[in-house]
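The structure under discussion appears below in the form of structure tokens.
The values are calculated or read from the model by the stated rules, or taken from the named source; none is laboratory data. The structure presented is a predicted model; accordingly, all values stated were derived computationally and were not measured. As a convention, Cβ positions derive from the backbone with ideal geometry for all residues, glycine included, and neighbour counts pool all protein chains shown.
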Amino acid sequence: MTTLLDSPAGAAVENTRSVGHPVTFAPAALAAFAAAYPDFPAPLTHGLADHPLLTVDAIAALADRLPGAQVEYNPGKLPLSITAEDTPRPTLSIAQTIRTIGDNGSWMVLKNVESDPAYAALLDAALEPLRAVVESRTGPMAHREAFIFLTSPGSVTPFHMDPEHNILLQIAGGKVMTVFPAGDTMLVPAEKSEGFALGAHRNLVWDEVFRDRGTAVPLEPGDAILVPVKAPHFVHNGDRVSISFSITWRSERSVAEGELHSFNRLLRACGLPLVRVSARPERQKLARLGYRLMRRLVA
């Protein structure tokens, strides 16, 4: 298994470690982002590890302010492959989970924290330096969201994929994310992509033969990783409580990819030939129009 720190982008990461830049991403990290976006994972560094909004106390206060539907928490001792319905239900309250996160064997995520004005400002400040690169390659930065992950030592986040462009910033503790190529149909069969586009759960079926196709990325405070849309990954937390801040966005490309997989689900159900989802799905305007028309017909 390789490590992203062996890549040219990894060299850029090393250059940022000594900068001590007060903004989210120093120039070398921005260069590494530009070299990889949108198709490849890349290690980055950031300057938010000591931010007062990202301490355990601040996160606990935020959890109290958020609606219950925006806080998800699960037992952390999970296998790499598990279905949503087989995931054990937590036995502690949100407050208890946060207070005892060091030894309760849990992981939790605070979703859409940008609904809080202070965290919305933090998200905007982090994304703004990336906007020019994003807009020039994949269109406007849409549906911006932020998530905070709080994880017990030794916890596992199972093998899954996400529908957004994502940068995960490690704030406290350590973890190893193993990330796999997006678009690998051995890992994510076409039928799974089609179901996922229509709202199926993010978790994927793990097979040990997949392991050598992945890249293990160690993350310590000040490290970050760019994760492409639908790049499968899993996470092993280290021996300390972990705090991670995830900043995400959608683009015309990510929306188009979802539309085309949804179109294929409709075509498959009708016994019709499928469309090819290219590396530039936003350019497949005729197929996207066909999906929208067919969706109206079968609604």
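Being under 17 Å from the mean Cα position of the chain (by Cα) and at pLDDT below 95 is the filter here; which residues of the stretch 194-214 pass it? Break it down into steps so the answer makes sense when it comes.
Of the residues in the stretch 194-214, the ones under 17 Å from the mean Cα position of the chain (by Cα) are 196-197, 199-204, 214.
Those that are under 17 Å from the mean Cα position of the chain (by Cα) and at pLDDT below 95: Phe196, Ala197, Gly199, Ala200, His201, Arg202, Asn203, Leu204.
The number of residues in the stretch 33-70 that are outside any loop (DSSP other than H, G, I, E, B), surrounded by 15 or more Cβ atoms within 10 Å (Cβ to Cβ) and touching a residue at least 40 places away in the same chain (Cβ under 8 Å) comes to 14.
Figure legend. Inter-residue proximity from the stretch 149-177: first residues within 24 Å of Tyr37 (Cα to Cα) and modelled with pLDDT of 90 or more, second residues of a type in the set (Gly, Ala, Ser) and outside any strand (DSSP E or B), beta-carbon distance below 6 Å, spacing 6+ or different chains. Indicated pairs: Phe159/Ser81; Ile171/Ala49; Lys175/Gly238. Of all residues in the stretch 230-250, those being within 24 Å of Ala28 (Cβ to Cβ) and not in a strand (DSSP E or B) number 1.
Residue by residue, here is whether (1) β-branched (Val, Ile, Thr); (2) outside the structural domain of Gly154 (by TED's automatic domain parsing); (3) at pLDDT 95 or above holds:
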| residue | (1), (2), (3) |
| --- | --- |
| His236 | no, no, no |
| Arg240 | no, no, no |
| Ser246 | no, no, yes |
| Leu286 | no, yes, yes |
| Leu293 | no, yes, no |
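The requirement of being assigned to a loop (DSSP other than H, G, I, E, B) and in contact with a Lys or Arg (Cβ under 9 Å, 6 or more places away or on another chain) is fulfilled somewhere in the stretch 169-177, by at least one residue. Across the stretch 158-175, which residue is nearest to Asp103 (Cα to Cα) among those that are of a type in the set (A, V, I, L, M, F, W, C) and surrounded by 20 or more Cβ atoms within 10 Å (Cβ to Cβ)? Restricting to residues being of a type in the set (A, V, I, L, M, F, W, C) and surrounded by 20 or more Cβ atoms within 10 Å (Cβ to Cβ), the top hit is Ile171.
Evaluated against (1) touching a residue at least 40 places away in the same chain (Cβ under 8 Å); (2) crowded, with 20+ Cβ neighbours inside 10 Å; (3) out of contact with any Phe, Trp or Tyr (no Cβ under 8 Å at 6 or more places or on another chain); (4) among the hydrophobic types (A, V, I, L, M, F, W, C), Ala256 falls short on exactly one condition, (1). Cβ-Cβ contacts under 9 Å between residues 6 or more apart (or on different chains), taken from a first residue in the stretch 276-294 that is closer than 18 Å to Glu194 by Cβ to a second residue that is part of a helix (DSSP H, G or I) and hydroxyl-bearing (Ser, Thr, Tyr), are listed as Val277/Ser193; Pro281/Ser254; Tyr291/Ser262.
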